[in-house]
Amino acid sequence: MRSSALTLPTRSLASHASATSRLSADITDRPVASALPTRLRPADLLRLTDEGAEDVLAGRYDHLLPPGGAWPPQERWATRLSADEEVDVWLISWVPDRSTELHDHAGSLGALTVLSGALSEFRWNGSELRQRTLSAGDQASFPLGWVHDVSRAPDGAVAGPLDPTLSVHAYSPPLTAMSYYEVTGHGTLRRSRTVLTDQPEGDVN
Ligand SMILES: [Fe+2]
């Protein structure tokens, strides 16, 4: 590369600096939320999952549920409760030993409400995985960049029955892709694959 290629005319530098400062000001002044790919906020998604859970419990989605309450015992199962251009809402049933693997939700925000039973979540906090248990009635929201592994809580994790373990999830914009990750031996994440999917928390039967 010729050294002249690195030399900008003073006027260009000045205008570049000015443009950069304008850009910085724009970015600083703009509410962070306006940069998100959806007008819905985590609080909206939490409310939607809460309402969805209430509707499931009230029997308003009985026509979408397994006949006779026979939840599949071996595989995760899900049904879409509602969908539009902005948000998908799903009901998921969870079974033992079927974790989602460590994943993100690509460009979608997410939220969940646990209806019954309990979930165990391992979330990447930037340097390690942190575990928490989400019991019936608990809620969680997932901003962009949230990487977690979710499974049905193990027996004994909470008082009360785990059957069925049900949660309502909302994604906005509707989920279209997920990336999967591995934790490396030196405290970082390695993205192992990205899949196109509209299935909540990974592919289910
Ligand atoms: Fe997830």
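Bear in mind that the values in this text are calculations on the coordinates, not laboratory data. Just so you know, these numbers come straight off a predicted model, no measurement behind them. Cβ sites come from the backbone with ideal geometry, for glycine too, and all protein chains shown count toward neighbours.
Odds and ends about this structure:
- Measuring between their Cα centroids, the range 144-176 and the range 79-121 lie 6 Å from each other.
- Sorting 74-80, 116-122 by average packing, meaning the other beta carbons within 10 Å per residue, from highest down gives 116-122, 74-80.
- Tensor-based shape of the range 38-196 (alpha-carbon gyration tensor, a/c under 1.5 rounded, otherwise prolate or oblate): oblate
- Prolate/oblate/rounded label for the range 27-127 (Cα gyration tensor, a/c 1.5): oblate
- A simple spin-label model places pseudo-atoms 7 Å from Cα toward Cβ; at D84 and A43 they are separated by 2.0 nm.
- Pairwise FRET efficiency - E101 versus Q131, Cβ, R0 = 22 Å, nearest 0.05: 0.90
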